[in-house]
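The values are calculated or read from the model by the stated rules, or taken from the named source; none is laboratory data. Predicted model only: the values in this text are computed from it and were never measured. Note that we place each Cβ from the backbone using ideal geometry, even for glycine, and neighbour counts take in every protein chain shown.
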Amino acid sequence: MERETEIMTEIQAQPTTTITPALRGPVAMQLRDVAVSFHGRTAVRDCSFDVVKNRVTSLIGPSGSGKTTLLRALNRLHDLTPGAKVSGQILLEGTDIYRGNLTVTELRTRVGMVFQRPNPFPTMSIYDNAVSGLRFNGIKKKSLLDEAAESSLRSAALWDSVSSRLKVAASNLSGGEQQRLCIARALALEPEVLLMDEPTSALDPVATLRIEELMTSLKSRVTVVIVTHNMQQAARISDDCAFLLMGEDRAGELIEFDTTEKIFNNPVDSRTLDYTLGRFG
């Protein structure tokens, strides 16, 4: 009984923006007071929450609130941006991705990225796109590449439609197929976390539905973090949800983080409810 009281005291002491790992399961990534600035101007500040394994975490908020900026920080995509600075801690399985012993190549093998617009290598074949990451990492054995190509394309729900035309240029695929190919390319590296920046915003409703179904099925093997402006999409596919909002100083800040059900049905902050109901944005 004393131990239960101690645990409840610890939980109640947690900031409202942090999910206690024990309540959700094992943690894939931890964000602790993460801030991102460009040439001294803060774009994101004070973000602390846990990304739990084998769940879909959505980042929502109005344009300019820092969602994509925060997402890109999880993969060190700001490293080459002039004047960019990331502070705080982003931990991957306990290792700080900025100050630990992970190289950028190792990090991006473990944390994949799918961008807003499909970006397959247009002159490469479907097959070569699927295994490009493996080749970049030095894998040359054909049997391994063949196995990885088929496995990743199956995981991306693309194998049945392309298995007979793997040597065709990726540019011949539809927009939705190209996005699934990009997902397959990331999955071929067997990442622990898959980051997705509005992956369906450039797609038609049918292709969007397929990508949503894919994300739901993928979480059994990879943790997904997605930026989306679509409230219905966030409600449909995500398990946990972070709401960011631009503060008075024009910096994006984390207003609330909790399960998606709680965020949409019983949020702590009235601004969260206003946003999910479309009262501003």
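Scan the range 257-272 and tell me whether some residue there is over 23 Å from residue 107 (Cβ atoms), surrounded by 23 or more Cβ atoms within 10 Å (Cβ to Cβ), under 14 Å from the mean Cα position of the chain (by Cα) and in contact (Cβ under 8 Å) with a residue 12 or more places away in the chain.
Among the residues of the range 257-272, not one is over 23 Å from residue 107 (Cβ atoms), surrounded by 23 or more Cβ atoms within 10 Å (Cβ to Cβ), under 14 Å from the mean Cα position of the chain (by Cα) and in contact (Cβ under 8 Å) with a residue 12 or more places away in the chain, which makes the answer no.
Among the residues of the range 89-134, which ones are in a helix (DSSP H, G or I) and under 22 Å from residue 226 (Cα atoms)?
104, 105, 106, 107, 108, 109, 110, 130, 133, listed by residue number.
Which numbered condition trips up residue 160, out of (1) within 30 Å of residue 30 (Cβ to Cβ); (2) more than 24 Å from the chain's Cα centre (by Cα)?
(1)
Quick one: in the range 187-228, of everything that is out of contact with any Leu (no Cβ under 9 Å at 6 or more places or on another chain) and among the acidic types (Asp, Glu), which residue is farthest from residue 52 (Cα to Cα)?
204
Residue-wise test of (1) more than 27 Å from residue 238 (Cβ to Cβ); (2) hydrophobic (A, V, I, L, M, F, W, C); (3) surrounded by 20 or more Cβ atoms within 10 Å (Cβ to Cβ).
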{"position": "117", "(1), (2), (3)": "no, no, no"}
{"position": "130", "(1), (2), (3)": "no, yes, yes"}
{"position": "145", "(1), (2), (3)": "yes, yes, no"}
{"position": "167", "(1), (2), (3)": "yes, no, no"}
{"position": "184", "(1), (2), (3)": "no, yes, yes"}
{"position": "192", "(1), (2), (3)": "no, no, no"}
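How about the range 89-122: which of its residues are touching a Phe, Trp or Tyr at 6+ places or on another chain (Cβ under 9 Å) and either over 26 Å from residue 215 (Cβ atoms) or among the small types (Gly, Ala, Ser) (or both)?
Residue satisfying the conditions is 89 alone.
Can you give me the ranges of the strands (runs of 3 or more DSSP E) entirely in the range 20-74 with at least 2 residues that are surrounded by fewer than 23 Cβ atoms within 10 Å (Cβ to Cβ) and of a type in the set (Lys, Arg)?
Hits in the range 20-74: 41-52.
If I ask for residues that are of a type in the set (Ser, Thr, Tyr) and over 24 Å from residue 68 (Cβ atoms), which ones from the range 146-205 would you list?
Result: 151, 152, 155, 161, 163, 164, 171, 174.
On the given criteria, is residue 245 over 20 Å from residue 114 (Cβ atoms), touching a residue at least 60 places away in the same chain (Cβ under 8 Å) and touching a Ser or Thr at 6+ places or on another chain (Cβ under 7 Å)?
yes
Within the range 169-182, restricting attention to residues that are free of Cβ contacts under 8 Å to residues at least 40 places away in the same chain and surrounded by fewer than 16 Cβ atoms within 10 Å (Cβ to Cβ), which residue is farthest from the chain's Cα centre (by Cα)?
Among residues in the range 169-182 that are free of Cβ contacts under 8 Å to residues at least 40 places away in the same chain and surrounded by fewer than 16 Cβ atoms within 10 Å (Cβ to Cβ), the one farthest from the chain's Cα centre (by Cα) is 172.
Determine the pairs where a residue that is closer than 15 Å to residue 120 by Cα, located within the range 131-142, has a partner that is among the aromatic types (Phe, Trp, Tyr) with Cβ atoms under 7 Å apart, the partner being 6 or more residues away or on another chain.
132/121
Of the numbered conditions (1) at pLDDT below 95; (2) more than 24 Å from the chain's Cα centre (by Cα); (3) within 23 Å of residue 217 (Cα to Cα), residue 201 satisfies every one except a single condition; which is it?
(2)
Only one of (1) surrounded by fewer than 17 Cβ atoms within 10 Å (Cβ to Cβ); (2) modelled with pLDDT of 90 or more; (3) in a helix (DSSP H, G or I) is not met by residue 8, so which one is it?
Result: residue 8 passes all but (2).
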